[in-house]
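Presented below is the structure to which this report refers.
The values are calculated or read from the model by the stated rules, or taken from the named source; none is laboratory data. Please read all numbers here as calculations on a predicted model, not as lab measurements. All Cβ positions, even for glycine, are placed from backbone atoms using ideal geometry, and neighbour counts span all protein chains on display.
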Amino acid sequence: MQWKNQLTGMKPYQPGRSIDEVKKMFGLDEIVKLASNENPFGCSPKVREFMENLSINHAIYPDGYASALRLALANVVGVEEDQLLFGNGSDEIIMMISRALLQPGVNTVMATPTFPQYRHNAIIEGAEVREVPLIKGAHDLQEMALQIDESTAVVWLCSPNNPTGMLIEQHELEEFIQKVPKEVLIVLDEAYFEYITDSTYKNSIELIKDHENVIILRTFSKAYGLAGFRVGYAVAQKELIAKLDPVREPFNNAAISQGVALVALQDSSFIESCRIQNESGIKQLEKFAKEHQLHIYPTQGNFVLLEVKADSDLVFEGLLKKGFIIRSGNAIGTPGYIRVTIGTNDQNKEFLQKLADVL
Ligand code: PMP
C-alpha cells in the first residue's frame, strides 16, 4: 500500500480562528470567543484554588486507571466504577470507538449536520458513512433506523445536537433503541448534558441498565469549564467498557487533568449557576431573533444556531473585525445561519449590538 494513497482528501480538524490570531489580524486588545461552546464563566473557584496549591509529582506517569476520579464520578453518575471509560476529551472516546469497531466493509449511521468528529473518524477507519439529514433541526430517527443493515457497526446520536442544540425526545429515543439490533452500538453523545433544562428529559443513564449496546458520552469541557484539560468519559455496561478499554492509550489523562476534574465534581452549585445563567443568555438571543424576525433553533445546549438572512461567512468576518469569534454556518453545514456560544449576559448584550450592526 502506497502511503501517499492513504486518507486522500482528508483535512485536519480546523478549530476556527484563535483569540491571538484575531487580536493580531485586527489590532484589537479584547476578543470574545463564542465559537467553541466553552464555558464563559470559566471553571469552579474550587478548581482555581486547587491549581494554586498544586502538589502533583509531574515526574511520574499519571494513574492510567484514573482511580480517584473514577470512584468520585461513579458516585455522581450512579454507576459502578467499571462502567466508566475516560478519554483525553470525549474526542478521544469517539476515536476509540471508531478504532475498535469501524473498518472497510462496515457502515456507520449519523445525522447531518452533527458533530463532525463522528464522520472524520469513520473516514479514517475506511468505513462507509451514512448521513441522515435532520428534520427541523432534530434527528430523523425513523430514517436513521432504516439506514441500519447487517453491515452497520455504530450509530451516532448527539443530544443536544451540535450545531442545532436540539434534544432527542425521550420516547423517540427509547423506541429507536428498541428497533436497533443489539449487535449495533448506539453512541449517545451528551456533551451538553449539564445544560439541559427540558423537564421531559429523563436521565439517560437509566437506558444503559437495559441495553448492552448503548454508550453515553459526556465531558468536563463544557459546563465544567475544563476544555483545556481534556477529560471526557463514557458510561455503559461493564462488558462494553472492557471491550473498548484496550484501545485506550495507557496514560491518556494527565495527572493534573484528573485532579481538576475530581475537584470540579465536588462543586455542583457552580454547574447549577452556569445552567441558570445559560438559560437567561438563551433568552437574550431569542428575544433578539424575535425582534429581527430571524429563525432560532430551540436549544438545550450552551449555544444557538441563529438565522442571519445573509452570507454567514460575511457575518462571521464582520463580527471578527469587531472582536467576536463565532462559527459561520458555511463551515458547519448550516449556510445562512451562525452558531454562537452563549456568553455572559454582558457579552451577549455586546455581541447582539455588534450583530445588529453587521446584519
Ligand atoms: N461531542 C460534541 C457534541 C461536542 O460538541 C464536542 C466539543 N465541541 C465534543 C464531543 C468533544 O468534546 P471534548 O473532546 O472536549 O470532550
### Query
Name the residues in the stretch 49-67 that are closer than 17 Å to Pro250 by Cβ, under 29 Å from the mean Cα position of the chain (by Cα) and of a type in the set (A, V, I, L, M, F, W, C), would you?
Ala66
### Summary
By residue number, the members of the stretch 31-90 that are on the phi > 0 side of the Ramachandran plot and surrounded by 20 or more Cβ atoms within 10 Å (Cβ to Cβ) are Asn37, Ala66, Gly89
### Message
Only one of Arg119, Arg130 is more than 15 Å from the ligand (Cβ to nearest atom), basic (Lys, Arg) and either part of a strand (DSSP E or B) or within 20 Å of Val247 (Cβ to Cβ) (or both). Can you tell me which?
### Response
Arg130
### Query
Listed residues Leu262, Leu240, Leu285; which is in contact with an Asp or Glu (Cβ under 8 Å, 6 or more places away or on another chain), more than 14 Å from the ligand (Cβ to nearest atom) and in contact (Cβ under 8 Å) with a residue 24 or more places away in the chain?
Leu240
### Task
State which residue is surrounded by the fewest Cβ atoms within 10 Å (Cβ to Cβ) when the search covers only the stretch 334-350 and only residues that are out of contact with any Leu (no Cβ under 8 Å at 6 or more places or on another chain) and over 19 Å from Pro298 (Cβ atoms).
Asp346
### Message
If I filter the stretch 18-30 down to residues being touching a residue at least 12 places away in the same chain (Cβ under 8 Å) and surrounded by 14 or more Cβ atoms within 10 Å (Cβ to Cβ), which single residue comes out as farthest from the chain's Cα centre (by Cα)?
### Response
Leu28
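Within the stretch 74-96, which residues are within 13 Å of the ligand (Cβ to nearest atom) and of a type in the set (Val, Ile, Thr)? Spell out the reasoning first.
Initial filter on the stretch 74-96 (within 13 Å of the ligand (Cβ to nearest atom)): 85-96.
Across the stretch 74-96, the qualifying residues are Ile93, Ile94.
If we keep just the residues of the stretch 34-52 that are of a type in the set (A, V, I, L, M) and closer than 13 Å to Ala264 by Cα, which is modelled with the lowest pLDDT?
Our first condition is that a residue be of a type in the set (A, V, I, L, M); within the stretch 34-52, this holds for 34-35, 47, 51.
Subset that is closer than 13 Å to Ala264 by Cα: 47, 51.
Numbers: Val47: 98, Met51: 95.
Per the criteria, the residue is Met51.
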## Note on the structure
Pairing a residue in the stretch 82-102 that is free of Cβ contacts under 8 Å to residues at least 60 places away in the same chain with any residue that is among the hydrophobic types (A, V, I, L, M, F, W, C) and more than 10 Å from the ligand (Cβ to nearest atom), where Cβ atoms lie under 8 Å and the two sit 6 or more apart in sequence or on different chains, gives Ser98/Ala122; Ser98/Ile124; Ser98/Ala127; Ser98/Val154; Leu102/Ala122; Leu102/Ala127; Leu102/Ala153; Leu102/Val154
### Query
What pairs can you find where one residue is in the stretch 158-186 and in contact (Cβ under 8 Å) with a residue 24 or more places away in the chain, the other is within 16 Å of the ligand (Cβ to nearest atom) and in a helix (DSSP H, G or I), and their Cβ atoms are less than 6 Å apart, with a gap of 6+ or different chains?
Pro163/Ile332
### Query
Thr112 versus (1) crowded, with 21+ Cβ neighbours inside 10 Å; (2) closer than 21 Å to Ile168 by Cβ; (3) away from the ligand (no atom under 11 Å from the Cβ): which is the lone unmet condition?
(1)
### Task
Considering every residue within the stretch 138-153, establish whether at least one is surrounded by fewer than 24 Cβ atoms within 10 Å (Cβ to Cβ) and in contact with a Gly (Cβ under 8 Å, 6 or more places away or on another chain).
yes
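Which of the helices (runs of 4 or more DSSP H) contained wholly in the stretch 275-359 include at least 3 residues that are under 16 Å from Gly16 (Cβ atoms)? Outline the logic, then answer.
On the way: elements: 312-321, 329-332, 345-358.
Qualifying helices (runs of 4 or more DSSP H): 312-321, 329-332.
When only residues in the stretch 139-193 that are hydroxyl-bearing (Ser, Thr, Tyr) and under 20 Å from the mean Cα position of the chain (by Cα) count, which is nearest to the ligand (Cβ to nearest atom)?
Going through the qualifying residues, I end up with Tyr192.
Could you grab me the full set of residues in the stretch 97-108 that are in contact with an Asp or Glu (Cβ under 9 Å, 6 or more places away or on another chain), away from the ligand (no atom under 16 Å from the Cβ) and not in a loop (DSSP other than H, G, I, E, B)? Before the answer, list the steps.
First pass over the stretch 97-108, keeping only residues in contact with an Asp or Glu (Cβ under 9 Å, 6 or more places away or on another chain): 98-99, 101-108.
Next, only the ones that are away from the ligand (no atom under 16 Å from the Cβ) stay: 101-107.
Result: Leu101, Asn107.
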### Message
Which condition from (1) free of Cβ contacts under 8 Å to residues at least 24 places away in the same chain; (2) in contact with a helix residue (DSSP H, G or I) (Cβ under 7 Å, 6 or more places away or on another chain) is the one that Asp210 breaks?
### Response
(2)
